[in-house]
1. Using 0.36 nm times the number of residues separating A42 and A115, minus their current alpha carbon distance, what extension gain do you get?
2. At most 15 other Cβ atoms within 10 Å plus a DSSP loop assignment makes a site exposed; report the longest stretch of the chain without any exposed GluC sites (Glu not before Pro).
3. I want to verify a result. In a Gaussian network model of the chain, Cα cutoff 10 Å, which of these has the top mean-square fluctuation: G112, G95, G69?
4. Could you pull the Cα extents of the chain along its three principal axes, largest to smallest, in whole Å?
5. Kindly provide the chymotrypsin sites (Phe, Trp or Tyr not before Pro) of the stretch 1-91 that DSSP labels as loop, not H, G, I, E or B, and whose Cβ sees at most 16 other Cβ atoms within 10 Å.
6. Measuring with a 1.4 Å probe in the full set of protein chains, what accessible area per residue, in whole Å², belongs to the chain?
7. Out of all Cα-Cα pairs in the stretch 1-59, roughly what percent, to the nearest whole number, are more than 18 Å apart?
8. When the chain is modelled as a GNM with alpha-carbon springs shorter than 10 Å, which of I84, I65, I36 fluctuates the most?
Amino acid sequence: MVSVTAPVLDLRGVGFAAGGRWLVRDVTFAVHPGEIVGVVGANGAGKTTLLRLISGFLRPTAGTIVLDGRPLSAYGSRERARIIATVPQLTTVEGERRADELVLLGRHPHLGRFAVEGERDRAIAR
């Protein structure tokens, strides 16, 4: 017997239109625990737009995105940032940063206002 687990991420008929044209249309797929998914396609195919939709930076014009059983729109930005992290291909970071410093930026949603990273945060980042 095959065990079927609920998807961690579930997109159903997701689309995004801007400027009178569809940038992403009718995307449907699910990602289950332990799966790794790659998004591939030609330049201008909508890969970045799809990732922005999944991360909550954009809201779909059509369809639904469900994360851990809840609509993505039900998550506040801080809660969403604790679950989803993206590193854009073209990122401008002031000054030079080491890779571990960039990874440590992912701990910011877990800190209180004006708090700085502690040893636990550095250990998690490592």
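The values are calculated or read from the model by the stated rules, or taken from the named source; none is laboratory data. Owing to the predicted nature of the structure, the values given are computational and were not obtained by experimental measurement. Please note: Cβ atoms are built from the backbone with ideal geometry, for glycine as well, and neighbour counts cover all protein chains shown. These area figures cover heavy atoms from the full protein model, side chains too; ligands, DNA and RNA do not enter into them. Shrake-Rupley method; radii C 1.70, N 1.55, O 1.52, S 1.80 Å.
1. Working: separation 73, 0.36 × 73 = 26.28 nm, distance 4.16 nm.
Full extension of this stretch gives 22.1 nm more.
2. Working: sites that count: E35, E94, E96.
In the chain, the maximal stretch lacking such sites is 36-93.
3. G95
4. The principal-axis extents, from largest down, are 45, 43, 26 Å.
5. On the way: sites: F16, W22, F29, F57, Y75; in loops: F57, Y75.
Answer by residue number: F57.
6. Values: 9400 Å² over 126 residues.
The answer is 75 Å² per residue.
7. On the way: 662 of 1711 pairs.
It works out to 39 percent of all Cα pairs.
8. I36
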